[in-house]
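For reference, the structure discussed in these notes is given below.
The values are calculated or read from the model by the stated rules, or taken from the named source; none is laboratory data. The model shown is predicted, which means the values in this text are computed figures rather than measured ones. Backbone-built Cβ (ideal geometry, glycine too); neighbour counts: all protein chains shown.
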Amino acid sequence: MNDFLKTRPGAPEGFFAAEAAGLRWLAEPSAVPVVEVLETGAEFLRLARVEPAPPSAAGAQEFGRGLARLHEAGAPGFGWAPAETAWFGPLDDPFPVPTTSHDDHATFVARDRLSPLAQRTRDQLDRAGADAVDAAIEVIGAGAFDGISGQGREAPARVHGDLWSGNLMWTASGGTLIDPAAHGGHRLEDLAMLSLFGAPYLEEIFAGYEAEHPLPAGWREDLPAHLFFGLLAHVALFGGGYAQQTVTVARRITARAQQLEERRA
């Protein structure tokens, strides 16, 4: 068969239409391979079938270059999405996320993404952990990570939005994007999600990215701030098994923000 059918009986209104819109939006710049949408309905999404192939160092580097070009294609604003509704999480239990467009990364992430999840996961953290999460959200909301390594202010990038290794399928055409939560975001967001659980040839992906779009020194130290949403989402979706890792990352975020502030002083 030449197609792949995703189904979910009783899917929220617009659920599969939103995923289809995200895939088409990511495919527009022809920067990286994206699985093709064939048909969408209220309870299904029909996609072109892609056959897996082993990843390679050269393919990973080329994917990194393409990902940088995809980000350069931009978005109308931070938090903007190509459909009126958006979700994040697994097919059987996603949660809705706002699609309000913002001029700055800080407001989008702190207000629309992190704060609702912090409230949702409060009962899975002890008091010290909850305080650490709140402190991290505060420094992110203050704009500590609107740039990279404390430099400048990033324009909204065209991001996949859930780019852990399971949503990067290696095929004969190279790294192919599937299952997005596409929106306007910070370019480090996708790189951070790739690093969260690891990915084949991750260093080669990073090298390809930097060959296409050089990043300021120390950029990897900013990654915790950009994978924080993904971690909090895992606590909300899958329980407290991710709580300690999330609190550890929260403390790394506040430490990095303090380091950047001291550097500017």
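Residue selection: A181 fails the criterion of being among the small types (G, A, S), touching a His at 6+ places or on another chain (Cβ under 7 Å) and within 21 Å of Y242 (Cβ to Cβ). For region 165-188, the count of residues that are assigned to a strand (DSSP E or B), under 23 Å from R120 (Cα atoms) and touching a residue at least 24 places away in the same chain (Cβ under 8 Å) is nonzero. Picking from residues in region 137-170 that are in contact with a strand residue (DSSP E or B) (Cβ under 6 Å, 6 or more places away or on another chain) and of a type outside the set (A, V, I, L, M, F, W, C), the one that is farthest from G198 (Cα to Cα) is P156.
If I ask for residues that are assigned to a helix (DSSP H, G or I) and of a type in the set (A, V, I, L, M, F, W, C), which ones from region 13-37 would you list? Even if it seems obvious, please write down each step before you answer.
Here is the first cut: in region 13-37, the residues assigned to a helix (DSSP H, G or I) are 15-27.
Within region 13-37, F15, F16, A17, A18, A20, A21, L23, W25, L26, A27 qualify.
Scanning region 189-234 for residues that are among the β-branched types (V, I, T) and surrounded by fewer than 23 Cβ atoms within 10 Å (Cβ to Cβ) yields a count of 0. Listed by first and then second residue, the pairs with beta-carbon distance under 6 Å, at least 6 apart or on different chains, first residue in region 62-84 and closer than 24 Å to P200 by Cα, second at pLDDT below 95, are E62/G174; F63/G174. Any residue in region 214-221 that is farther than 26 Å from P29 by Cβ, of a type in the set (A, V, I, L, M, F, W, C) and at pLDDT 95 or above? Yes: region 214-221 contains one or more residues that are farther than 26 Å from P29 by Cβ, of a type in the set (A, V, I, L, M, F, W, C) and at pLDDT 95 or above. Among the residues of region 94-103, some residue qualifies, meaning at least one is among the small types (G, A, S) and modelled with pLDDT of 95 or more.
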